[in-house]
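Inspection log for the structure reproduced underneath, given as structure tokens.
The values are calculated or read from the model by the stated rules, or taken from the named source; none is laboratory data. Computed from a predicted model, the values in this text were never measured in an experiment. Every residue, glycine as well, gets a Cβ built from its backbone with ideal geometry; the counts of neighbours run over all protein chains shown.
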């Protein structure tokens, strides 16, 4: 497509922190810790119980123990740990420590000690007696179960989203268009299929960790590995009962998040210790705690009803979702909506009717939260697999079937809040991917001998770019004395490279080198308010704030220069990194403008802008997988994975490609490896990376990522998002390939070798 040739945008610029990473110099939370108390948590061995008695006397006598805190020591004010824009869609259902423990791993006591050895010894000496209650461990029976996960009277929701703690309901949602029952009744083929996805762990490199101290003004200073500094500030304010103005939250380098750190999993515990003792405190989750007490993907059961004519025209789609929020409701309602709203619209091209309903329920299991893909991953596995089954039933090539039914540019998407697909290259993505993958040659099943066969599958995806009409991005840009720029943001770079991408936008707008733009963030004291890094929002939403700030800064620099040149600011323009007076040819360098701003001046050489979008333009993606399956052992090897992404205009193609490759690897892991199982009493078995198997590049074959550019008119330089969509296509593509190789559809993830060996074709 025709587009302007940019100097910085669209270039594969090296990440700003790349060299520091290579040299082992980036500062993570633990690198910043000064003399701090070690905070350890005593956790419940029961899924549902009341603490009858707790004796901490022996624990407090351990040398080095400063104090031990229980439910009797904390405020009785419920809050939510969800990092969401206020008022949150998540219920206020937590206490810092609750007498009622609701899952295996729920916090019973907080130990603060001078060292880790003393803290661990104290944990062993706390004596607790429990009134053990019957737990709710099957999310299919949770709604209206006589056993209530949250029977308390002070449970509340700030938004009316169908939540009801007396029914174990976190929330409900529904949307429809047309008469789906009438359309289904008129279809030649109707498929109804139910799918199950488990509570996958993000398993990021750096576990949850937070450092807290009182600064020189007596304010609570929090340094945390978080994606949402401003939301953490609000959460701590609610939990501790102190004003937000007395709290400062900043993030250092983050060792991965993938959505887990959109929830304030551990911040409140060291913060509480600091406020109680006046001393600095540090809480570091072990890998076991991160796996069993973190914030994994929501387990879901999804039923799809699809109606089509014999010619392949998909006329009706229904999606019914049941989501397991676990013991607390973080992100439950927000996540479940994407299972329908990000799957049904893919087939807008021929759709006459749709219906989407969902319930989110409480259980006595590990609470869930945000994870890359955020509900779309689960929903698209279900819908895309059903479409692939339709193709098999009709004897159609699944690529051709999608070409016939897909959303195309310019179409209104009723199942996506009526948004228009202003920038949609999905049709080109599909053709490009089929050509690159050599689909016609690889789709047929090939017998390789020795019981091994090769087969292929396909999946499509769409996501979003920020949360429309709610979240905001912000940026402050300052002109430095030497003519360079400082960009201050509230978004969190988690290794995604958003610092670099936003700096590229500044460089393009301000006609300078990317090296001339320094980036600082995120710090609630210094950064302008930003909702944070989640929902694929940073490039699209914060990027537009950067664009606005640059425009304002140019005007401000012209106004400062006008005083020096003794002319009207309207006579000046910003060109090629300098201020020019076209009528006379006079010009001022940025150094001169900066100097002027420090002498007899009332205008600051900086600008701050905010942006919120009424729409969330979806990126699109197609993925194709080639596998080799051993029919005797059930072992699946991914040989090739080809994908083509439409993320608008990629600001940094290299970073976009890395995002896609990483997401595809995660999606392969979800499909074939990562399994979460529980004991009959609700304890998670996969509590370490020895038992929770993650994919490596050795498990994922050859991954190829290419792009088909569209131009999103509401995004910076035509950009949309890419961070989340990239995890969604492997599950349906690999599932179809396994069916082609075995004749069996698997509707539960992950698909393990034993599942393949033991499965029998449906009658």
Exercise. Could you list, in sequence order, the residues of region 224-253 that are assigned to a loop (DSSP other than H, G, I, E, B) and buried (at least 24 other Cβ atoms within 10 Å of the Cβ)?
Worked result: 225, 226, 227, 228, 251
Exercise. Quick one: would you say residue 556 is farther than 24 Å from residue 489 by Cα and modelled with pLDDT of 95 or more?
Worked result: no
Seminar exercise, completed: Scanning region 485-511 residue by residue, the ones that are in contact with a strand residue (DSSP E or B) (Cβ under 7 Å, 6 or more places away or on another chain) and either more than 23 Å from residue 620 (Cα to Cα) or in contact (Cβ under 8 Å) with a residue 60 or more places away in the chain (or both) total 12
Problem set entry | Candidates 64, 83 - the one that is on the phi > 0 side of the Ramachandran plot and not assigned by TED's automatic domain parsing to the domain that holds residue 682 | 64
For this session: Mind listing whichever residues of region 616-637 are farther than 18 Å from residue 698 by Cα and buried (at least 21 other Cβ atoms within 10 Å of the Cβ)?
Result: 616, 617, 618, 619, 620, 621, 622, 623, 624
For this session: Kindly provide the set of residues from region 497-521 that are within 25 Å of the chain's Cα centre (by Cα), surrounded by fewer than 24 Cβ atoms within 10 Å (Cβ to Cβ) and not in a helix (DSSP H, G or I), ordered by number.
Result: 519, 520
For this session: Confirm whether residue 409 is assigned to a helix (DSSP H, G or I), assigned by TED's automatic domain parsing to the domain that holds residue 744 and at negative phi.
Result: no
For this session: Inspect region 441-456 for any residue being touching a helix residue (DSSP H, G or I) at 6+ places or on another chain (Cβ under 9 Å) and closer than 18 Å to residue 709 by Cα and give the result as yes or no.
Result: no
Exercise. Applying the selection to region 697-714, what residues are out of contact with any strand residue (DSSP E or B) (no Cβ under 9 Å at 6 or more places or on another chain) and touching a residue at least 24 places away in the same chain (Cβ under 8 Å)?
Worked result: 713, 714
Seminar exercise, completed: When restricted to 146, 135, the only residue surrounded by fewer than 16 Cβ atoms within 10 Å (Cβ to Cβ) and farther than 30 Å from residue 415 by Cβ is 146
For this session: Please indicate, with yes or no, whether at least one residue in region 450-462 is without any contact (Cβ under 8 Å) to a residue 60 or more places away in the chain, more than 27 Å from residue 224 (Cβ to Cβ) and buried (at least 22 other Cβ atoms within 10 Å of the Cβ).
Result: no
Seminar exercise, completed: The condition of being in contact with a strand residue (DSSP E or B) (Cβ under 6 Å, 6 or more places away or on another chain), outside the structural domain of residue 686 (by TED's automatic domain parsing) and over 29 Å from residue 99 (Cβ atoms) holds, among 196, 238, only for 196
Exercise. Hey, residue 144 hits all of (1) in contact (Cβ under 8 Å) with a residue 40 or more places away in the chain; (2) under 32 Å from the mean Cα position of the chain (by Cα) but one; which does it fall short on?
Worked result: (1)
Exercise. Quick check: anything in region 459-473 assigned by TED's automatic domain parsing to the domain that holds residue 417, over 20 Å from residue 534 (Cβ atoms) and in contact with a strand residue (DSSP E or B) (Cβ under 6 Å, 6 or more places away or on another chain)?
Worked result: yes
Exercise. Among the listed residues 103, 79, 139, which satisfies the condition of being closer than 30 Å to residue 471 by Cα and touching a residue at least 24 places away in the same chain (Cβ under 8 Å)?
Worked result: 79
For this session: Examine region 691-702 for a residue that is in a strand (DSSP E or B), surrounded by fewer than 18 Cβ atoms within 10 Å (Cβ to Cβ), in the same structural domain as residue 425 (by TED's automatic domain parsing) and out of contact with any helix residue (DSSP H, G or I) (no Cβ under 8 Å at 6 or more places or on another chain), and state whether such a residue exists.
Result: yes
Exercise. Do we have residue 40 as at pLDDT 95 or above and crowded, with 18+ Cβ neighbours inside 10 Å here?
Worked result: yes
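Here's the yes/no breakdown for (1) under 14 Å from residue 327 (Cα atoms); (2) out of contact with any strand residue (DSSP E or B) (no Cβ under 8 Å at 6 or more places or on another chain); (3) not in a loop (DSSP other than H, G, I, E, B):
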site	(1), (2), (3)
85	no, yes, no
105	yes, no, no
108	no, no, yes
118	no, no, yes
Exercise. Do the conditions hold for residue 447, that is, is it over 26 Å from the mean Cα position of the chain (by Cα), at pLDDT 95 or above, surrounded by fewer than 22 Cβ atoms within 10 Å (Cβ to Cβ) and not in a helix (DSSP H, G or I)?
Worked result: yes
For this session: For residue 544, state whether it is touching a strand residue (DSSP E or B) at 6+ places or on another chain (Cβ under 8 Å), at pLDDT 95 or above and within 15 Å of residue 616 (Cβ to Cβ).
Result: yes
Problem set entry | Residues (assigned to a loop (DSSP other than H, G, I, E, B) and surrounded by fewer than 23 Cβ atoms within 10 Å (Cβ to Cβ)) located in region 473-494 | 480, 481, 482, 483, 484
Problem set entry | Elements of type strands (runs of 3 or more DSSP E) contained in region 276-371, each with 3 or more residues being within 18 Å of the chain's Cα centre (by Cα) | 314-326
For this session: Write out, first by first residue and then by second, each pair whose Cβ atoms fall under 6 Å of each other, whose residues are 6+ apart or on separate chains, and whose first residue, in region 541-568, is more than 19 Å from residue 529 (Cβ to Cβ) while the second is assigned to a helix (DSSP H, G or I).
Result: 557/593; 558/569; 559/569; 560/593; 560/596; 561/593; 562/569; 564/596
Exercise. Any chance region 734-756 includes a residue that's free of Cβ contacts under 8 Å to residues at least 40 places away in the same chain, surrounded by fewer than 17 Cβ atoms within 10 Å (Cβ to Cβ) and not assigned by TED's automatic domain parsing to the domain that holds residue 544?
Worked result: yes
For this session: Report, by residue number, each residue of region 1-35 that is surrounded by 20 or more Cβ atoms within 10 Å (Cβ to Cβ) and within 30 Å of residue 114 (Cα to Cα).
Result: 29
